[in-house]
Amino acid sequence: MGGVEWQITSFDDDGDLLEVTFRFGDIWIQFLGSLVFDGRRAVFRGVHVQGPGANRLGLKRLMQLLAFVKATIDVDELRLEGAVRTTGANPDRKPGPLDL
Amino acid sequence: MRTGPIDQPISVSRRLREAGLSMRAAYNALNALVETSRAICDLPVDVDLDSLAADLAALNVALRRRRPHPEPAAFLAEVRSRHGLSQRQFADRLGFDVRTLQNWEQGRNRPDPAILNLVRIFDRDPRIVADAIFEPL
């Protein structure tokens with residue numbers, strides 16, 4: 001990846017609710033949701049995602065990002081629970097949780 | 001009100017925050033939009049509604065505002081007259097006490113805003129109110 005790494009470029013919170021922007025070179029992705037901790041486990045609930053599109057991000061970079069998030073918030077497990085989506089293959093439904 | 005897919009949800013939330021909503025209120029509104037297609041928000045009185053409406057429209061969200069309440073006495077009499085009803089008939093159809101209706105129409109008392117909303121619904125389609133209030137035996 002030529003030394004480029006994920007970075008947090010903006011962060012805002014209101015209690016458990018947080019909005020964060022990550023950047024990897026010229027690619028960025030934003031998350032908005034409720035982050036709750038249970039020991040070394042974190043659950044990010046009701047998550048809205050806005051980014052460059054799945055094809056630009058790629059699975060490899062996404063997994064790198066999630067590893068970066070786990071390291072940043074210092075947890076062993078991270079669960080992502082998405083909010084209802086209005087786009088994609090299953091609109092008007094919540095996506096299944098993603099455990100990492 | 002959602003008019004299409006929201007592929008930039010965080011932009012919607014941010015624009016609502018720019019209009020004066022708290023982060024949590026904007027998030028709750030966004031969730032209501034994606035889950036039910038509608039959200040109701042209390043915006044500051046000095047917000048530029050035209051600008052907000054244009055920005056949200058580009059994100060597939062249509063902004064609508066609550067209709068201002070009319071002057072009750074004239075409004076009640078006008079609706080009643082439009083439907084060709086006496087005060088007794090009008091009161092019966094809407095489930096009001098006729099003397100209460102007379103007090104409203106004479107301006108002696110003011111009805112609750114929810115009453116005016118009920119009358120608006122009746123004015124638009126009396127059958128909706130009839131079907132809600134009365135049931136077949």
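Here, each number is a calculation from the coordinates, and none is a lab measurement. Every value quoted in this text rests on a predicted model; they were computed, and no experiment measured them. Virtual Cβ from ideal backbone geometry, glycine too; neighbours counted across all protein chains shown.
Each of B:H83, B:Q106, B:P68 was placed along the dipole of region B:59-120 (beta-carbon charges, centred on the mean Cα), and the one lying farthest toward the positive end is B:P68. When the P(r) of chain A is calculated, the portion above 21 Å amounts to 32% of the C-alpha pairs. For region A:23-41, the residues whose amide N sits under 20 Å from a probe point set 7 Å from the Cα of A:D76 along the beta carbon direction are A:36-41.
Averaged over the residues of B:22-35, the number of partner chain Cβ atoms lying within 10 Å of the residue Cβ comes to 4. The ratio of the alpha-carbon radius of gyration of region B:38-137 to the globular-protein estimate 2.2 N^0.38 Å is 1.39. Note on A:E5/B:H69: beta-carbon distance plugged into 1/(1 + (r/R0)^6) with R0 of 45 Å gives a FRET efficiency of 0.20.
The alpha carbon radius of gyration of the protein assembly as shown, expressed as a multiple of 2.2 N^0.38 Å, is 1.44.
Each residue of region A:1-59 gets 107 Å³ once the volume of the Cα convex hull is shared out per residue. Which angle from 0 to 90°, rounded to the nearest 10, does the C-alpha axis of helix B:23-36 make with the longest principal axis of chain B? It is inclined by approximately 70 degrees. A Förster radius of 22 Å, combined with the Cβ-Cβ distance separating A:F68 from A:K94, puts the computed FRET efficiency at roughly 0.35.
Could you work out the mean count of beta carbons from other protein chains within 10 Å of each residue's beta carbon in A:84-91? Intermediate results must be reported in sequence, preceding the final value.
Details: counts 8, 5, 11, 8, 2, 0, 0, 3.
Counting Cβ atoms of other protein chains within 10 Å of each residue's Cβ and averaging gives 5.
Peptide A:12-20 has a mean shielding of 3, counted as Cβ atoms of other protein chains within 10 Å of each residue's Cβ.
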